[in-house]
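Below: the structure, in structure tokens.
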Amino acid sequence: MEIEQNDKYKRAKKKIEQLKGFYIHLTVYVLVNIFILINIYISTLEDNEVFWQWEHFFVCFAWGIGLAFHAINVFGFNPFIGKDWERKQIEKYMRQDEEEAKKYK
């Protein structure tokens, strides 16, 4: 019973650490991109350039893709593998090990 509670605690703590890491990543992303956008806006005013050029937003876009993958990892949304894929695979291999052990008894 105590071992099960300890495992639950470890899983919950790991999930909290993942969430905390994601929220820190999101905060840094927002703050840095605000400064990037302000800098782009000011520099385009000074140089009489067009603000809405894709080159100006490449870092924001690329980093946003990375942030999206981080969110997918933390919140468990994966359209390719599925939500419970890892758990099912672990159970599958545990069953296979049990069957192998029964063969040799």
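The numbers here are math on the coordinates, done by the rules we state, and not lab data. Predicted model only: the values in this text are computed from it and were never measured. Cβ sites come from the backbone with ideal geometry, for glycine too, and all protein chains shown count toward neighbours.
Here residue 23 does not qualify as over 30 Å from residue 75 (Cβ atoms) and part of a helix (DSSP H, G or I).
The residue that is surrounded by the most Cβ atoms within 10 Å (Cβ to Cβ), among those in segment 15-49 that are closer than 21 Å to residue 59 by Cβ and in contact with a helix residue (DSSP H, G or I) (Cβ under 7 Å, 6 or more places away or on another chain), is 40.
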